[in-house]
Amino acid sequence: MKLLRAKDYNDMSREAAKLIAAQVILKENCVLGLATGSTPVGAYKQLIEWQKKGELTFAKTVTVNLDEYCGLPATHAQSYRSFMRENLFDRIDIRPENTHLPNGAAADPEAECAAYDARIEAFGGIDLQLLGIGHNGHIGFNEPDEHFTMPTHRVRLSADTRQANARFFEGDPSGVPEFAITMGMRHILQAKKILLVANGAQKLAVLDRALGGPVTPHLPASLLQLHNDLTVIVTE
Ligand code: PGA
């Protein structure tokens, strides 16, 4: 594992954006695994700036996101599709048809999960997966559990996660969808490179436990200890 200590959020974002840009420049048709949440927004801003200046292009890049809420249509303001459009996709030169998220409104979520895994496999897997970490140690929406779930799956969001995300739903945890579809541990762990960003003391504490303690499904991020090309960028 490579640990980079950034001096603040801007520094973390810039370092993360550099690694993502390097991936896109090295392999223009790469598959980027992307994440939502507050933490990656600064890195996305930096990528937008560099793309606008013509320093890189996403014209051939394919993206697969980690997760999507169930029950929200893609056009809903709080869907992760809307988040990605607002914070990245609509502001760079990526082709919309090359951006993939699970369809949270699918009538048959199980079939949607299987189809999402098949799509990632058809792309040849993920070149670089960007991750945040939840206060409870989740990655994507792989919540603490008795076992690791390998395939993309429908998950009941924990009370912790719904509380943490209530800020996007007028502060009301009961407004946060109860279920989501998340990429499972298989495609996250099979990504050729993983880049995890964490900002703030609380995240640092959970990250310390995940990377310094035992590998356990009670702390899903702990499974990242088994990856051989993991870069972690934290703020001090
Ligand atoms: P955050 O979320 O970046 O908004 O803190 C991270 C996560 O829940 O994975």
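The values are calculated or read from the model by the stated rules, or taken from the named source; none is laboratory data. All values derive from a computational prediction rather than experimental measurement. Here the Cβ positions follow ideal geometry from the backbone for every residue, glycine too, while neighbour counts run over all protein chains shown. Keep in mind that these areas ignore ligands, DNA and RNA; they rest on the heavy atoms of the full protein, side chains included. Shrake-Rupley method; radii C 1.70, N 1.55, O 1.52, S 1.80 Å.
Send over the per residue convex hull volume for the stretch 68-111, Cα only, as a whole number of Å³.
65
Using alpha carbon coordinates only, what is the Rg to Rh ratio of the stretch 105-236, with Rh defined as the Kirkwood radius?
0.96
Just reorder Cys70, Cys30 by solvent-accessible area, largest first, 1.4 Å probe, all chains present.
Descending accessible area places them as Cys70, Cys30.
Taking all protein chains in place and a 1.4 Å probe, what share, in percent, of the accessible surface of the chain do carbon and sulfur account for?
Taking all protein chains in place, the chain shows 51 percent carbon and sulfur surface.
Around Met12, under 13 Å between beta carbons, what's the net of Lys plus Arg minus Asp minus Glu among the other residues?
Spelling it out: positives minus negatives among the neighbours equals +2.
Around Asn87, what is the net charge, scoring Lys/Arg as +1 and Asp/Glu as -1 over all other residues with Cβ under 12 Å from its Cβ?
Its environment carries a net charge of +2.
Please state the charge dipole magnitude for the stretch 93-236, taken about the Cα centre, from unit charges on C-beta atoms (+1 on K and R, -1 on D and E), reported in debye and rounded to the nearest 20.
Once rounded to the nearest 20, the dipole reads 260 debye.
Obtain the radius of gyration and the Kirkwood radius of the stretch 2-45 from its C-alpha atoms and give Rg over Rh.
0.98
Taking the Cα centre of the stretch 119-236 as the origin and placing charges on Cβ (Lys, Arg +1; Asp, Glu -1), which of Gly140, Ile126, Val176 is farthest toward the positive end of the dipole?
Final value for the positive-end residue is Ile126.
Take the Cβ-Cβ distance between Glu146 and Arg5 as r, set R0 to 45 Å, and report the resulting FRET efficiency rounded to the nearest 0.05.
The computed FRET efficiency comes out at 0.85.
Ignoring everything but the protein chains, give the 1.4 Å probe accessible area of His147 in square angstrom, nearest 10.
We get 100 Å² for His147.
Using only the Cα atoms, what convex hull volume per residue in Å³ does the stretch 163-209 have?
Here the figure is 124 Å³ per residue.
With 20 Å as the cut-off, how large is the P(r) tail for the stretch 125-191, expressed as percent of Cα-Cα pairs?
When every Cα pair of the stretch 125-191 is considered, 29 percent fall beyond 20 Å.
Return, for the Cα atoms of the stretch 74-149, the radius of gyration and Dmax in Å, separated by a comma.
14.1, 42
Output the antiparallel fraction of DSSP beta bridges having both residues in the chain, as a percent to the nearest 5.
So the antiparallel bridges in the chain amount to around 30 percent.
Quick test of the membrane-span-like rule: which DSSP H helices of the chain reach at least 15 Å along their long axis (C-alpha atoms) with mean Kyte hydropathy at least -1.0?
Within the chain the helices that satisfy the rule are 9-26, 41-52, 109-122, 201-212.
Tell me, what is the percent relative contact order of the stretch 76-207, built from C-alpha pairs under 8 Å that lie six or more residues apart?
In percent, rounded to a whole number, it is 28.
Which net charge results for the neighbourhood of Ala59, defined as the other residues with beta-carbon distances under 11 angstrom from its beta-carbon, given Lys and Arg at +1 and Asp and Glu at -1?
Within the 11 Å Cβ shell, the charges total 0.
Volume per residue, Å³, of the convex hull around the alpha-carbon atoms of the chain?
Taking the convex hull of the Cα positions in the chain, it is 113 Å³ per residue.
Per residue, how many Å² of accessible area does the stretch 13-85 show with a 1.4 Å probe?
Counting only protein heavy atoms, the per-residue value for the stretch 13-85 is 40 Å².
If I take the Cα coordinates of the stretch 1-128 and project them onto the principal axes, what are the three extents in Å, biggest first?
Taking the Cα atoms of the stretch 1-128, the three principal extents are 44, 32, 29 Å.
Sum -39500 (n - 2.57) across every DSSP H segment of at least 4 residues in the chain, then divide by the residue count to get the 222 nm mean residue ellipticity, nearest 500.
-10000 deg cm²/dmol
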